[in-house]
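A.B. asks: Following this message is one structure expressed as structure tokens.
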Amino acid sequence: MNSITHYLHNELPRINAFLEAQTARLDPVVRPAAEHVLGAGGKRLRPLLALVAARALGCTADPYPMACSLELLHSATLLHDDILDAAVMRRGRAATHVEFGRTGTILAGDVLLALANRLVADYDIPRLNAVLSEAILRTVTGEVMEIANVRNTAMSEERYYEIITGKTAYLFQGACECGAILAGCGAATERAAHDYGLNLGIAFQLVDDALDYVSPSEITGKPSGGDLREGKMTLPLILYLRTLPPDARQKLETRIAQDDLDAEAARAIADRVAASGCAEATRDAARGYATLAAQALEAFPASPERDLMADMLDLVLSRNK
Ligand code: FPP
Ligand code: MG
């Protein structure tokens, strides 16, 4: 076990106890859905990041409500995302809306979103809420942009980066920046925490998008090749299309645009994307963003937590689920 997984292992009981205490108080209409998503064994990366960033910068306040609010927010986005994507599996089990229905799931997402905001508001530090609400707004904007571009085979690589920065990286950035604000570390280090979180988040989603093509569903807990079937124009696919001769490219683009790929065809194409090296190239791009995050960390004072934040970059790059 490396040091960051060891740290997480030690922190998990407190993070989970806090989350369980929060969900136990929810109305029975939404509680089962909230418990289902929060109890499904998520990686807890966002609260962990918020905790280590806060401690790396000398936080003396109780960081758990702030840190756990990031997990509540993340869970809220997943509840809504699986409905929007019509996804039936998450973290190796039935997606929440499949198990508990759309109404309870949508409302549970709304409740978790509101709860996260209230937990942070209880600190009475307005900038914490400003950063968090901006991160939420940007997350939703990224999701809107992604949905607007489903099956848009002409979508640019630049737009892809805007989407992943929005839908994923701003929540990582928010976690680190909230940690820094709670620590009261000053503007320059706050900016460094912001840059670290943002670049780590971009790297995280790049790896996620690569894994969608290469990692078997028994490992990820999600059906493989799902992005292709959902018509999501992620980097492995964008790069793969560029490798094809014009005729083959045109043919595949038409099939994607017209939603003309059954599960078997999608799997076969996903295998070709993986074999083409485009998923690996996506991981290479992630390494570039992890390097930027590591550079941002140099502005942090030396501490064991800063070293953990560096380890976190390796964890994100090497993960297989
Ligand atoms: C997962 O991406 C989805 C997100 C990271 C963001 C989802 C955001 C929303 C639904 C809008 C915001 C909602 C609230 C409640 C604030 P993915 O579908 O690529 O990944 P997956 O394969 O894990 O589903
Ligand atoms: Mg999804």
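The values are calculated or read from the model by the stated rules, or taken from the named source; none is laboratory data. All figures in this text were calculated on a predicted structure; none of them were measured in a lab. Using ideal geometry, Cβ is built from the backbone for each residue, glycine included, and neighbour counts are taken over all protein chains shown.
A.B. asks: Which of the numbered conditions does R151 fail, given that it passes all the others? Conditions: (1) within 16 Å of ligand 2 (Cβ to nearest atom); (2) part of a loop (DSSP other than H, G, I, E, B); (3) out of contact with any helix residue (DSSP H, G or I) (no Cβ under 6 Å at 6 or more places or on another chain).
C.D. replies: Single failed check for R151: (3).
A.B. asks: Still on this model: Aliphatic (A, V, I, L, M), within 15 Å of ligand 2 (Cβ to nearest atom) and in a helix (DSSP H, G or I) - does that describe any residue in segment 121-139?
C.D. replies: So far as segment 121-139 goes, no, none of its residues is aliphatic (A, V, I, L, M), within 15 Å of ligand 2 (Cβ to nearest atom) and in a helix (DSSP H, G or I).
A.B. asks: Right, something else. Quick check, is G104 within 14 Å of ligand 1 (Cβ to nearest atom) and either touching a His at 6+ places or on another chain (Cβ under 8 Å) or in a helix (DSSP H, G or I) (or both)?
C.D. replies: no
A.B. asks: Identify all residues within segment 13-62 that are assigned to a loop (DSSP other than H, G, I, E, B), closer than 14 Å to A180 by Cα and among the hydrophobic types (A, V, I, L, M, F, W, C); write none if there are none.
C.D. replies: Selection gives L57, C59, A61.
A.B. asks: If a residue must be assigned to a helix (DSSP H, G or I), over 24 Å from A192 (Cβ atoms) and not small (G, A, S), how many such residues does segment 66-88 contain?
C.D. replies: The total comes to 9.
A.B. asks: I'd like the residue in segment 242-268 that is in a helix (DSSP H, G or I) and in contact with a helix residue (DSSP H, G or I) (Cβ under 6 Å, 6 or more places away or on another chain) and, out of all such residues, is surrounded by the most Cβ atoms within 10 Å (Cβ to Cβ).
C.D. replies: Selected residue: A266.
A.B. asks: Here are some conditions: (1) over 17 Å from the mean Cα position of the chain (by Cα); (2) among the aromatic types (F, W, Y); (3) part of a helix (DSSP H, G or I); (4) within 30 Å of C185 (Cβ to Cβ). F300 meets all but one. Which one does it not meet?
C.D. replies: So F300 meets the others, but not (3).
A.B. asks: Could you figure out which of (1) surrounded by fewer than 22 Cβ atoms within 10 Å (Cβ to Cβ); (2) modelled with pLDDT of 95 or more isn't true of G41?
C.D. replies: (2)
A.B. asks: Any chance you could count how many residues in segment 59-101 are β-branched (V, I, T) and either within 18 Å of the chain's Cα centre (by Cα) or near ligand 1 (Cβ under 10 Å from one of its atoms) (or both)?
C.D. replies: Total meeting the criteria: 3.
A.B. asks: Oh, and also: Pick out the one residue from I164, I181, I202 that is touching a residue at least 40 places away in the same chain (Cβ under 8 Å) and in contact with a Lys or Arg (Cβ under 7 Å, 6 or more places away or on another chain).
C.D. replies: I181
A.B. asks: In this structure, does V144 turn out to be of a type in the set (V, I, T), closer than 29 Å to L228 by Cα, within 16 Å of ligand 2 (Cβ to nearest atom) and not in a helix (DSSP H, G or I)?
C.D. replies: The answer is no for V144.
A.B. asks: More than 13 Å from ligand 1 (Cβ to nearest atom), free of Cβ contacts under 8 Å to residues at least 24 places away in the same chain, surrounded by 14 or more Cβ atoms within 10 Å (Cβ to Cβ) and closer than 30 Å to R306 by Cβ - does that describe any residue in segment 127-134?
C.D. replies: yes
A.B. asks: What are the pairs with Cβ atoms under 6 angstrom where one residue, in segment 105-116, is more than 14 Å from D82 (Cα to Cα) and aliphatic (A, V, I, L, M) and the other, located anywhere, is assigned to a helix (DSSP H, G or I) and within 16 Å of ligand 2 (Cβ to nearest atom)? Sequence gap at least six, or different chains.
C.D. replies: L112/S75; L112/A76; L113/A76; A116/L73
A.B. asks: Something else: Please work out which residue is farthest from D110 (Cα to Cα), limiting yourself to segment 1-22 and to residues that are surrounded by fewer than 13 Cβ atoms within 10 Å (Cβ to Cβ) and aliphatic (A, V, I, L, M).
C.D. replies: M1
A.B. asks: For segment 81-96, give me each residue that is closer than 24 Å to N117 by Cα and either free of Cβ contacts under 8 Å to residues at least 40 places away in the same chain or more than 12 Å from ligand 2 (Cβ to nearest atom) (or both).
C.D. replies: Within segment 81-96, D82, I83, T96 qualify.
A.B. asks: When you check T282 against the structure, is it part of a helix (DSSP H, G or I) and surrounded by 21 or more Cβ atoms within 10 Å (Cβ to Cβ), yes or no?
C.D. replies: yes
A.B. asks: Is it the case that segment 147-157 has a residue that's at pLDDT 95 or above, within 10 Å of ligand 1 (Cβ to nearest atom), buried (at least 18 other Cβ atoms within 10 Å of the Cβ) and more than 22 Å from C178 (Cβ to Cβ)?
C.D. replies: no
A.B. asks: I would also like to ask the following. Condition (residue is in contact with a Leu (Cβ under 6 Å, 6 or more places away or on another chain) and of a type outside the set (G, A, S)) applied to segment 117-127: is it met by at least one residue?
C.D. replies: Checked segment 117-127: at least one residue is in contact with a Leu (Cβ under 6 Å, 6 or more places away or on another chain) and of a type outside the set (G, A, S).
A.B. asks: So, R25, is that one among the basic types (K, R) and buried (at least 20 other Cβ atoms within 10 Å of the Cβ) or not?
C.D. replies: For R25, the condition - among the basic types (K, R) and buried (at least 20 other Cβ atoms within 10 Å of the Cβ) - is not met.
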